[in-house]
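Encoded as structure tokens, the structure appears first; notes follow it.
Throughout, read-outs are computed from the coordinates displayed, never taken from laboratory work. Keep in mind the model is a prediction, meaning the values are calculated, not measured. As a convention, Cβ positions derive from the backbone with ideal geometry for all residues, glycine included, and neighbour counts pool all protein chains shown.
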Amino acid sequence: LFWHFRRNSSKLAIGNFNARFGQGLALWNGMSLSGLAKPSSYLKRSSYLSPSHSFTGNYAFKGLATEINNGCLKITAMTALNGLETDFGLLPAVNISCLLPYGQAGFTHYVQLDFAAEKIFVPDMKTACDFAFTIDGTDIFSEIAYDWRTATAACLGGVVFPIGENLKMAAMLRYYPSGFRPTFSAAAHSLTKCSNEYGTSVSCEFSAGKWM
């Protein structure tokens with residue numbers, strides 16, 4: 001079940017839902033295009049809380065979530081069942097984003113809890129900060145995430161900018177150390193997901209008439 005409250009632009013989800021924050025380095029689920037084939041794939045645009053019709057634990061969170069808008073401040077809180085594990089688990093998470101006229105900045109934190117044999121395990125916990133701004137048609141974005149379990153930080157930064165009317169270019173730097181575990185990550189990457197990858201990418205797109 002998914003409700004939109006138009007009066008205060010809030011949302012409430014019970015059951016299956018998607019949660020997509022920042023550039024996807026910490027917490028992003030659902031469909032994600034991971035390649036870097038064109039400039040438009042470099043920058044991710046957060047959809048925060050959205051409905052999902054998936055019935056698998058890999059592509060949708062299952063639980064309770066709410067999104068509250070208060071002026072320029074957007075707060076999303078969720079508690080999801082931890083996939084389809086045999087042991088009972090929960091995934092509480094929170095995102096606080098400040099929406100500005102030319103972009104947004106956000107903070108995300110989640111902790112994975114497993115309950116087994118009357119003990120509580122924390123297999124994963126991450127904190128991330130991100131921003132994305134548009135200045136004169138140029139998109140500038142970045143995110144840094146910290147894996148508390150492995151004491152490892154990963155980050156990315158990029159820019160997408162037009163050159164005239166028919167040419168668009170993008171560049172990105174990525175630092176995903178091997179200790180960073182991409183449990184719920186879906187940030188831009190090439191082949192190795194968001195772990196054990198250090199790289200830079202440049203992309204160019206030229207359009208003329210029907211050709212691109």
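Applying the Karplus relation 6.51 cos²θ - 1.76 cosθ + 1.60 with θ = phi - 60° to the range 204-209 yields 3J(HN,Hα) values of 9, 10, 10, 10, 8, x Hz, where x marks Gly and Pro. Applying a threshold of 26 Å to the alpha-carbon distances of K168/K210; K44/K119; K38/K193 flags K44/K119 as lying beyond it. Full extension of the segment from L173 to A116, taken as 0.36 nm per residue of separation minus the current Cα-Cα distance, would add 16.5 nm. Note: relative contact order over the chain, using C-alpha pairs below 8 Å and six or more positions apart, is 19 percent. Relative to the current alpha-carbon distance between R7 and N166, full extension at 0.36 nm per residue lengthens the span by 53.1 nm.
Both radii are taken from the alpha-carbon atoms of the range 134-212; with Rh as the Kirkwood radius, Rg/Rh is 1.10.
Comparing L64, T138, F5 along the charge dipole axis of the chain, the residue lying farthest to the positive side is F5, per the Cβ-charge model.
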